[in-house]
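A.B. asks: Below is the structure I would like to discuss, written out as structure tokens.
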Amino acid sequence: MKVTIDNKEIIANNGETILEAAKRAGINIPTLCHHPKLSNYGGCRVCMVEIKGMNRFVASCTTPVADNIVVETNTTNIRQSRKTVLELILSDHPNDCMTCDKTGDCTLQDLAYEYGVKENPYIGAMRQYPTEDKNPYIIRDFSKCILCAKCTRVCNEIRGVGAIDIMKRGFYAKVAMPFDEVLDCEFCGNCVDVCPVGSLTEKIAKGKGRTWETRKVDTICAYCGVGCGITLHIKDNTVIKVTPTEKESVNNGSLCVKGKFAYDFINSADRLKKPLIKKDGKFVEATWDEAIDYTVKRLKEIKEKHGSDSIGGLSSARCTNEDNYLFQKFMRAGIGTNNVDHCARY
Amino acid sequence: MTKNETMTNKPKIILGMGTCGVAAGAKALLEKVEGYIKEKKIDAEIVHVGCIGMCHEEPLLDIVMPKRTRVIYGKVTADIVSKIIHSHVQQDKPEKEHVLSQMLPDDGANPYPGIPYYEEMPFNRKQQRIVLKNCGFINPLSIDEYIARDGYESARKVLLSMKPEEVIDVVKRSGLRGRGGAGFPTGSKWEFCRKAMGDKKYLICNADEGDPGAFMDRSVLEGDPHSVLEGMIIAGYAIGANEGYIYVRAEYPLAVKHLKLAVPHARENGLLGKNILGTGFDFDIELKQGAGAFVCGEETALIASIEGERGMPRSKPPFPANKGLWGKPTNINNVETFANVPQIILKGAEWYANFGTEKSRGTKVFALTGKINRTGLIEVPMGISLKEIVFDIGGGISDGKAFKAVQTGGPSGGCIPSEIIDTPVEYETLAAVGAIMGSGGMVVMDNASCMVEMARFFLNFTTDESCGKCVPCRIGTKRLLEILERIIAGKAKGNEMDILVELGSTVKAASLCGLGQTAPNPVLSMMRYFKDEYEEHIKDKSCRAGACTALSRYIVSPDTCKMCGICVKGCPVDAISDGTKKSKKPAFIHDDKCIRCGICFEKCPFDVIYTKGAKKAVHAKEEALGEVKA
């Protein structure tokens, strides 16, 4: 069907929203609560546009295209209303960008800049919810929450966990666990990844560096065989944060608690970097050649003396399928035993 | 069965046992009546009915003697009821002192001389009861009484002799529009849902009435639940739905109770369930109780609530007619809309369209409240002027004060000032003057009502009831409210009216659902008609109605103070010096200490304390004092 957006004629697909059609045509409409992988919400109203003939603005993220509609996305009226909405959000948001970990990576900050929101014309009450950081991984600063509900939607719609939802009403609405308990969930951290502001941040990354100071390196998570795409945020050769990669990847933007939060081993002093061989009751550093030679020698000795079935092998779910295939092949064909298992069973 | 129920062969004592009656003391009255007739061994039947609409006369008690007209008594208290029964039931002599009226002898009943007719009383003369036809007349718990007054005739007619399209056509021709407030043509709504693609369709009755001061739907559900069920059966047949829900707020326990009894009664009579009246049509109704959120009256939030989700609205389109409950085509109508349907089918589209005006057909039920002599539940033909409602039906302003404005549509509506009180009650004309038809709340204000305070009241309500989903409503209404609170507290800076208009317009234009889109209406319409009053509050820091305590000062008139010392003793913060015989000086109120509690003003036996700040004050006491001291 044919639609006109900002004087541009576009052939839109049936069922597509105005936002999607505009995006394909290279027209940028700002959003706060919209996420392409989540259901359409229409809460922040920043994406509002004008449809000719309608007396109200509509949220472009929820309104489907209709044949021959004429849409304006950037008129003075629209920009003024967007600015008012941003002013309202900021009238109940701490003005502490200078110390906020999200600075530089905050959609609200970017929009305030774009729309020139400076002072707050709407002085009034602010939510006074204490920050919750009693859980091990996530700092939840409710005073910064803009109630875009991306976190609750990712938790419910993508993770299927349903740990959080919105409680209370109106101005005092709050994202919470049942009965407002301390966060206790799978800690996949996907809520942190989708939060457009500084309301949800990684505890271990706090104060470690700003987004512009970090080098982003795309890699694959080494924790298991799934092979999730991750982005390492590196400052001074130290990984300070991990996020799911924005590129096409098997995990499609999700991570688990290990991939998201368990990276402090990288620079741990206890981390094993070289093989160790026990000599006279003590572990002594060795080269890989020494270690492999030693292992081969001992396996042969044991097999000869006690037989193949005296040896067993245990593999790991952190290895790839290929690694695990080779390992069982090695045990069966090389050692000659079926005594082979895996932490998640073969 | 007629109004007078002349078929009765023993005396009937009828008590209004709706929530309004019970609140006014009907339960104690019932006990007394039961005790009395037992004691005196009177062979009479006690009947419970719903609200007849005359809230200002509650508790009500009616008596029907065999072959006589039905007589209504008002403000019946437990101590006078035995006198009434003694005289009327035992001697067939109506107790003249407390009698209000009698019903017209429409079925050959013998009237009593000297008692005015109910239908001719000023409160009723201009009313037209279609929806409220049975309220106050039948026992709502008896399906037989409903059936005796043509109940379920329409359902029978529809199921046995009409095609769904014909039903829709009748409703369309009748001109019936949604009585929930927005006024969407009901027939067209049904047609959309009928034509929507889907293997399963749902019907919902919105009984989540929530406007402050509005109780139309409650009275219908309490007083005549079967009329709603019948309307739903007809609608279900018309749109092709087999399942219906009534979403009723849990704060209406009596309505819930009556519905819980009415639905199984209808099932037992073969009017709900499988194969209704042997026609092969299946339709059943389930009750869903709302947990007390105003926003759940918004149709998409209501649907979310039935689905077990948090009651938050969803964006439209898609409209419920295409994608509603559980994603299936769904038709939602309000209680009053459904209650109109059986009458339209029974008496015809043309009969119904005869009432009202070209664009607003039929009648509308209003809950008439506020500073008025006769409050109550009224049903008037569309097109009647607000003036007729306030002055003819409502009997004008109480306590001899002057009319100031009438507010329709509750927190989503606007006010209509005295200059345009001739405005007819129609969807379009009310919208044109900045108000709305709304679901039927009608609050009358006198000149002691402050229009800034009224706007604050309604905004306080919407701010509390905002679900919090969208920014303009969640934060915008809160900021509007805070501005009004500052004005009322005397802390205005000067540019408040501009901000109210600007922010109010954005909240209206940008909010997600009807709650936010209409929340600024009260303040915007009050500023439109009472600009002077807002300016006085902001610039002069004064409230002409004397309602904003922070803007008024209490002053003792030194010439007339009798130095009795009562105000000095009564002041909780010791803000009053002298004023005693001992001091020999008139009392003096220290404004810096005064907390404006008004105790001195209330206690002064000589009325020498007055409020200053209320420039054109209308405070009764000050009026008596005259302008001298102001």
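The values are calculated or read from the model by the stated rules, or taken from the named source; none is laboratory data. Please read all numbers here as calculations on a predicted model, not as lab measurements. So basically every Cβ, Gly included, is an ideal-geometry build from the backbone, and we count neighbours across all protein chains shown. Accessible surface areas use protein heavy atoms only, side chains included; no ligands, DNA or RNA. Shrake-Rupley method; radii C 1.70, N 1.55, O 1.52, S 1.80 Å.
A.B. asks: Restricted to segment A:15-30, and to residues that are without any contact (Cβ under 8 Å) to a residue 40 or more places away in the chain and part of a loop (DSSP other than H, G, I, E, B), which residue is surrounded by the most Cβ atoms within 10 Å (Cβ to Cβ)?
C.D. replies: Once the filter is applied, the top-ranked residue is A:ALA25.
A.B. asks: Here's another thing I want to ask about it. Quick one: how many residues across segment B:233-268 are of a type in the set (A, V, I, L, M, F, W, C), farther than 16 Å from B:LEU141 by Cβ, in a helix (DSSP H, G or I) and under 28 Å from the mean Cα position of the chain (by Cα)?
C.D. replies: Count: 3.
A.B. asks: Here's another thing I want to ask about it. I need every pair where a residue in segment A:47-59 that is more than 11 Å from chain B (Cβ to nearest Cβ) and part of a loop (DSSP other than H, G, I, E, B) has its Cβ under 8 Å from the Cβ of a residue that is crowded, with 19+ Cβ neighbours inside 10 Å and of a type in the set (Val, Ile, Thr), sequence separation at least 6 or different chains.
C.D. replies: Correct list of pairs: A:LYS52/A:ILE69; A:LYS52/A:VAL71.
A.B. asks: Which of the residues spanning segment A:307-346 are of a type in the set (Lys, Arg) and at pLDDT below 95?
C.D. replies: A:ARG318, A:ARG345
A.B. asks: Return yes when B:ALA435 is small (Gly, Ala, Ser) and not in a strand (DSSP E or B) and no when it is not.
C.D. replies: Yes: the conditions hold for B:ALA435.
A.B. asks: Right, another one. For segment A:209-282, which fully contained strands (runs of 3 or more DSSP E) count at least 2 residues that are within 24 Å of A:ALA317 (Cβ to Cβ)?
C.D. replies: By residue number, A:215-220, A:229-235, A:238-244.
A.B. asks: Restricting to segment B:475-506, give me the number of residues that are under 24 Å from A:ALA59 (Cβ atoms) and either β-branched (Val, Ile, Thr) or free of Cβ contacts under 8 Å to residues at least 12 places away in the same chain (or both).
C.D. replies: Qualifying residue count, segment B:475-506: 5.
A.B. asks: Right, here's the next one. Answer yes or no: is there a residue in segment B:592-610 that is assigned to a loop (DSSP other than H, G, I, E, B), modelled with pLDDT under 85, among the aliphatic types (A, V, I, L, M) and surrounded by 15 or more Cβ atoms within 10 Å (Cβ to Cβ).
C.D. replies: no
A.B. asks: Give me the residue from segment B:450-486 that is open to solvent by 10 Å² or more (accessible area, probe 1.4 Å) and closer than 30 Å to B:ASP399 by Cα and, out of that set, farthest from the other protein chains (Cβ to nearest Cβ).
C.D. replies: B:MET454
A.B. asks: In this structure, does A:GLU87 turn out to be open to solvent by 50 Å² or more (accessible area, probe 1.4 Å) and either closer than 16 Å to A:LEU32 by Cα or at pLDDT 95 or above (or both)?
C.D. replies: no
A.B. asks: Count, please, the residues in segment A:175-215 that happen to be over 27 Å from A:LYS235 (Cβ atoms), within 14 Å of chain B (Cβ to nearest Cβ) and crowded, with 17+ Cβ neighbours inside 10 Å.
C.D. replies: Of the residues in that region, 2 qualify.
A.B. asks: Restricting the search to segment A:65-77, which residues are assigned to a loop (DSSP other than H, G, I, E, B) and among the hydroxyl-bearing types (Ser, Thr, Tyr)?
C.D. replies: Passing the criteria: A:THR73, A:THR75.
A.B. asks: May I ask you to list the residues in segment B:22-55 that are open to solvent by less than 30 Å² (accessible area, probe 1.4 Å), in a helix (DSSP H, G or I) and in contact with a strand residue (DSSP E or B) (Cβ under 7 Å, 6 or more places away or on another chain)?
C.D. replies: B:ALA26, B:LEU29, B:LEU30, B:VAL33, listed by residue number.
A.B. asks: Which residues, counting only those in segment B:322-367, are surrounded by fewer than 24 Cβ atoms within 10 Å (Cβ to Cβ), part of a helix (DSSP H, G or I) and among the acidic types (Asp, Glu)?
C.D. replies: Residue satisfying the conditions is B:GLU350 alone.
A.B. asks: Taking segment B:190-215 as the region of interest, how many residues are over 16 Å from B:ALA235 (Cβ atoms) and surrounded by 21 or more Cβ atoms within 10 Å (Cβ to Cβ)?
C.D. replies: Of the residues in segment B:190-215, 6 are over 16 Å from B:ALA235 (Cβ atoms) and surrounded by 21 or more Cβ atoms within 10 Å (Cβ to Cβ).
A.B. asks: A:CYS33 passes all but one of (1) open to solvent by 40 Å² or more (accessible area, probe 1.4 Å); (2) more than 18 Å from A:ILE5 (Cβ to Cβ); which number fails?
C.D. replies: (1)
A.B. asks: For segment B:506-544, which residues satisfy the criterion of being buried (at least 24 other Cβ atoms within 10 Å of the Cβ), over 18 Å from A:LEU88 (Cβ atoms) and of a type in the set (A, V, I, L, M, F, W, C)?
C.D. replies: B:MET526, B:CYS543
A.B. asks: State yes or no: is B:LEU459 farther than 30 Å from A:LYS83 by Cα and modelled with pLDDT of 95 or more?
C.D. replies: In short, no.
A.B. asks: As an exercise: evaluate A:THR62 against (1) part of a loop (DSSP other than H, G, I, E, B); (2) among the β-branched types (Val, Ile, Thr); (3) more than 13 Å from chain B (Cβ to nearest Cβ); (4) surrounded by 14 or more Cβ atoms within 10 Å (Cβ to Cβ) and give the number of the one condition it does not meet.
C.D. replies: Among (1) part of a loop (DSSP other than H, G, I, E, B); (2) among the β-branched types (Val, Ile, Thr); (3) more than 13 Å from chain B (Cβ to nearest Cβ); (4) surrounded by 14 or more Cβ atoms within 10 Å (Cβ to Cβ), A:THR62 violates only (3).
A.B. asks: Quick check, is A:ILE220 within 14 Å of another protein chain (Cβ to nearest Cβ) and of a type in the set (A, V, I, L, M)?
C.D. replies: no
A.B. asks: Just name the residue that is surrounded by the most Cβ atoms within 10 Å (Cβ to Cβ) out of those in segment B:288-309 that are in contact (Cβ under 8 Å) with a residue 24 or more places away in the chain and not in a helix (DSSP H, G or I).
C.D. replies: B:GLU298
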